[in-house]
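Peer 1: Quick one: structure below, then a few questions.
What follows draws every value from the coordinates through simple rules; no lab data is involved. All of these numbers come straight from a predicted model, not from anything done at the bench. Ideal geometry is used to build each Cβ from the backbone, glycine not excepted, and the neighbour counts take in all protein chains shown.
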Amino acid sequence: MDLTDTVAVVTGASEGIGRAVAETLIAAGATVHGLARSADTLAATADALGPRFVPAPCDVTQAAAVRAAIDAAHAHADRLDVLVNNAGVGAFGPVDEITDADWDRLLGTNLSGLFYATRAAVPHMKAAGRGHIVHVASIAGIVGNANLSAYNATKFGVRGFSEATMKELRPHGIRVTCVLPGSVATDFGGSPAKDTAIPAEAVAATIRHCLEAPASTLISEVVMRPMAVS
């Protein structure tokens, strides 16, 4: 895909991986509609990234709000080329200490939000006969670890959803890619990032590489690990 003059939607776009993806796509010539819950943080991101970043305050756990945001992005230029499902939250600890609220919050954002955005974007992409959906999962979608059970459950779910939609949407000219990074240098989870963590910009560059791959190529899954060993 030539990203010049394309329209992209990025969820969780105000910070971390989402902001890095938005900046990378804008540099390639795209207009990015950035979804996030905080209007103030989105406004600051828009000030930093310029007019090709269109802030769209939206809680991805709310299906109607997600559909309205996706439809508005499509209406902006009568096209929707890229959806990057990046919004995610974490809750870590022993399984018997995970609260109902934590469980519901992880499922609502990490899985339901991704489903709502995909469901809203697909009809526009089907009508155009093209498009690319990128799901940002995690290495936690491949490897289960103690004290990560709830987070693991959602990220394993993302990987399964991505594989299923990849097979379903491929005949419609829509590519689906799942990116599964290891530790990324953001403040996700409330803990300082390790020195060996992958820069968010590297994840964004990898997503751009997947989007710009030749039309005859489908990169369905990318696993990213830090090169340095902690």
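Peer 1: Contour minus end-to-end for N147 and H76, with contour as 0.36 nm per residue of separation and end-to-end as the Cα-Cα distance? Present the calculation step by step, with values, prior to reporting the outcome.
Peer 2: Numbers: separation 71, 0.36 × 71 = 25.56 nm, distance 4.31 nm.
Full-extension gain reported as 21.2 nm.
Peer 1: Looking at the P(r) of the chain, how many percent of alpha-carbon pairs lie beyond 30 Å?
Peer 2: The answer is 17 percent, as a whole percent.
Peer 1: Follow-up. Sequence-distant or interchain residues sharing an amide H contact under 5 Å with L83, placed H: which?
Peer 2: The list, which skips near neighbours in sequence, is V9, H132, I133, V134.
Peer 1: Okay, next question. Quick one, what does Rg over Rh come out to for the range 1-118 if you take C-alpha atoms and the Kirkwood Rh?
Peer 2: Taking Rg over the Kirkwood Rh, I get 1.02.
Peer 1: If you don't mind, another one. Over the range 1-159, what is the relative contact order in whole percent, taking alpha-carbon pairs under 8 Å and six or more residues apart?
Peer 2: Working: 300 pairs, mean separation 35.5, N = 159.
RCO, the range 1-159: 22 percent.
Peer 1: For R105 and A43, compute 0.36 nm times the residue count separating them, minus their Cα-Cα distance, and round to one decimal in nm.
Peer 2: Net length gain for the segment: 19.9 nm.
Peer 1: Running Debye on the range 47-91 with equal point scatterers at the Cα sites and no solvent, what base-10 log of I(q)/I(0) appears at q = 0.13, 0.30, 0.32, 0.33 Å⁻¹?
Peer 2: Reported log10 I(q)/I(0), two decimals: -0.36, -1.25, -1.27, -1.27.
Peer 1: For the range 115-230, what D do you get in µm² per second when you plug the Kirkwood radius from alpha-carbon pairs into Stokes-Einstein at 37 °C and 0.692 mPa s?
Peer 2: Details: Rh = 15.2 Å.
Diffusion coefficient, whole number: 216 µm²/s.
Peer 1: Rank by packing, highest mean first: peptides 109-118, 217-226, with packing defined as the count of other Cβ atoms within 10 Å averaged across residues. Could you put the intermediate results ahead of the total?
Peer 2: Details: 109-118: 22.8, 217-226: 15.2.
Going by the mean number of other Cβ atoms within 10 Å, highest first, we get 109-118, 217-226.
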